[in-house]
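Input: a single structure, listed below in structure tokens.
The values are calculated or read from the model by the stated rules, or taken from the named source; none is laboratory data. Just so we're clear, the structure is a prediction, and the values are computed from it rather than from any experiment. In this analysis, Cβ positions are derived from the backbone assuming ideal geometry, glycine residues included, and neighbour counts consider all displayed protein chains.
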Amino acid sequence: MRALVCFSVLFGLLATKSCAGFLVYPKILEGRADDGILLLRIREDLILRLEKASILAEDFFITSSTGDTTQTAQLYGRGLEENLYENKKHLSILAINVLNHGLKVSGLLNRTFRIAPVDSVHRSSKGRTLHEVTEIRSRADLPSTDASKTDEEITSDLHEGYVRAENEAERQRKHPRKFTVETCFLASHNYTSAFKTFTDFVEYVATMLNAAQLRFLDMKNPKVRFQLNRVIQNETYEIVNTTSNIVDMGATLEHLKKLAIARLFNRCDIAVLLTRKPLLPAGGRNKRNELMLITNDTITKGVTGLTFIGGVCSDEKVAVVQDMPPSFSGVHTLAHEMAHSLGANHDEEGTLADFPGYPNSLNCIKKDGYLMTYWDSDRNKYRLSNCSKEQIRFIYSNLSTTCTDVSEEPCYTTDSYPG
């Protein structure tokens, strides 16, 4: 087999601003490695090594509300995710579709750049589809100069999944070394209208969740895996509380909590509302009591997500995340809020009174720039600090088996590939 160009070359070339926005004609190489790795050539000097990704439940549910009617359909998760591929080392997650008119590749090439087909008829002389590589723009990734928080967290009350300390043998039985976090997404027509087909929508949110999961790769005991069980499309009743097209995050989160109490999210350990609209904390002020400056629907202070700390599997298992499809701008925020819901506070913070024995994060400095801070660090921003890991372990160790047991079986990957 001819020598392969390492994927690190891609990182080197994409590290410069001049490479952002270049056009490519990706191609699946005919030859496959003996270990089942799929080789995707982005261009002549960029070859990406991919393996099959799995993020959907075997039985995947779609709920749609229209008028006074709510309908739920059960779909085959393995079929919906058959085109998803990943490179865990470089945080790549791609949907690769072989169509009659060429190859369609969309998703994240790495932590910084995404790829998508160009909406045109441009093709190479060999019939390949034109794609564009662009930089992911995310306000949650902006560097912080004053270490102020750009989201609000509301610590949860003692919830139904929280139980008192047990003997170690019983705890080991209840808490396996892998925690499959069964996740549901909610989206209104404002969000889903960005997609041409339902399959495009599912592939996109599955790619987002898989990209968020890659931030948890070094989490052990338990190993954290996300699984998408359901998407809920809301066409009529208003989940999002808005003022002048700005989402009131606090009121919206409380509304989601009421839906959780009403058992709308029974198959979900965490339920996340995805919205394209700008987010505003309750009252229009952030935690430092500063007014949020809104200009042309952009909130200068960068509020992009909200959740309850440690809310997983309780009535407070809900979150709000801003994302602008198809840009994947909300991936980092999604990972951040999922970590909050699993139990992680921001780094360099104290204990939480609602969880007796909860470990603080004072020894994890904000400026180190891990996932649970807002300091920019290319080395650490896509990883959990040791403090975050300990906090997640603490919450996990006190969850009931109703939470830690998997209600929907996951899909299992096969060695079949497109092309």
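For residues that are more than 13 Å from the chain's Cα centre (by Cα) and over 23 Å from ASN266 (Cα atoms), tally how many sit in the range 211-222.
Residues flagged as more than 13 Å from the chain's Cα centre (by Cα) and over 23 Å from ASN266 (Cα atoms) within the range 211-222 amount to 5.
Inspect all residues belonging to the range 358-381 and state whether any of them is modelled with pLDDT under 95, aromatic (Phe, Trp, Tyr) and more than 25 Å from GLU86 (Cα to Cα).
Yes, the range 358-381 contains at least one residue that is modelled with pLDDT under 95, aromatic (Phe, Trp, Tyr) and more than 25 Å from GLU86 (Cα to Cα).
Can you spot a residue in the range 210-223 that is in contact with a helix residue (DSSP H, G or I) (Cβ under 7 Å, 6 or more places away or on another chain), modelled with pLDDT of 90 or more, in a loop (DSSP other than H, G, I, E, B) and of a type outside the set (A, V, I, L, M, F, W, C)?
First, pick out the residues of the range 210-223 that are in contact with a helix residue (DSSP H, G or I) (Cβ under 7 Å, 6 or more places away or on another chain): 211-212, 215, 219, 221-222.
Subset that is modelled with pLDDT of 90 or more: 211-212, 215, 219, 221-222.
Still in the running and in a loop (DSSP other than H, G, I, E, B): 219, 221-222.
Retained after the next criterion (residues that are of a type outside the set (A, V, I, L, M, F, W, C)): 221-222.
Scanning the range 210-223 turns up at least one residue that is in contact with a helix residue (DSSP H, G or I) (Cβ under 7 Å, 6 or more places away or on another chain), modelled with pLDDT of 90 or more, in a loop (DSSP other than H, G, I, E, B) and of a type outside the set (A, V, I, L, M, F, W, C).
Checking the conditions here, which among ILE47, ILE37, ILE28, ILE62 is more than 23 Å from SER329 (Cβ to Cβ), more than 23 Å from the chain's Cα centre (by Cα), surrounded by 14 or more Cβ atoms within 10 Å (Cβ to Cβ) and modelled with pLDDT under 80?
ILE37
Of all residues in the range 83-119, count the ones that are under 19 Å from ALA206 (Cβ atoms), among the hydroxyl-bearing types (Ser, Thr, Tyr) and surrounded by fewer than 22 Cβ atoms within 10 Å (Cβ to Cβ).
Number of matching residues: 1.
Pairs only if they're at least six apart or on different chains, beta carbon under 8 angstrom, first in the range 239-256 and over 19 Å from PHE185 (Cβ atoms) and in the same structural domain as VAL318 (by TED's automatic domain parsing), second aliphatic (A, V, I, L, M) and modelled with pLDDT of 80 or more; list them, first residue then second.
Once the first residue is over 19 Å from PHE185 (Cβ atoms) and in the same structural domain as VAL318 (by TED's automatic domain parsing) and sits in the range 239-256, its partners that are aliphatic (A, V, I, L, M) and modelled with pLDDT of 80 or more give GLY250/LEU306.
Residue by residue through the range 238-272, note down the ones that are in a loop (DSSP other than H, G, I, E, B), at pLDDT 90 or above and crowded, with 20+ Cβ neighbours inside 10 Å.
Matches in the range 238-272: PHE265, CYS268, ASP269.
Mind listing whichever residues of the range 349-370 are closer than 13 Å to LYS389 by Cα and under 24 Å from the mean Cα position of the chain (by Cα)?
Passing the criteria: SER361, CYS364, TYR370.
If ALA339 satisfies all but one of (1) at pLDDT 95 or above; (2) buried (at least 18 other Cβ atoms within 10 Å of the Cβ); (3) farther than 30 Å from ASN83 by Cβ, what's the number of the condition it fails?
Going through the list (1) at pLDDT 95 or above; (2) buried (at least 18 other Cβ atoms within 10 Å of the Cβ); (3) farther than 30 Å from ASN83 by Cβ, ALA339 breaks only (3).
Does any residue in the range 18-44 that is more than 22 Å from HIS101 (Cα to Cα) and outside any helix (DSSP H, G or I) come within less than 6 Å, Cβ to Cβ, of a residue that is of a type in the set (Asp, Glu) and at pLDDT below 85 six or more places away or on a different chain, and which pairs are these?
GLY36/ASP415
Among the residues of the range 172-210 satisfying the criterion of being among the hydroxyl-bearing types (Ser, Thr, Tyr) and within 14 Å of the chain's Cα centre (by Cα), which is farthest from ARG393 (Cα to Cα)?
Filtering the range 172-210 down to residues among the hydroxyl-bearing types (Ser, Thr, Tyr) leaves 180, 183, 188, 191-193, 197, 199, 204, 207.
Narrowing further to those that are within 14 Å of the chain's Cα centre (by Cα): 183, 204, 207.
Working: THR183: 19, TYR204: 30, THR207: 26 Å.
This residue is TYR204.
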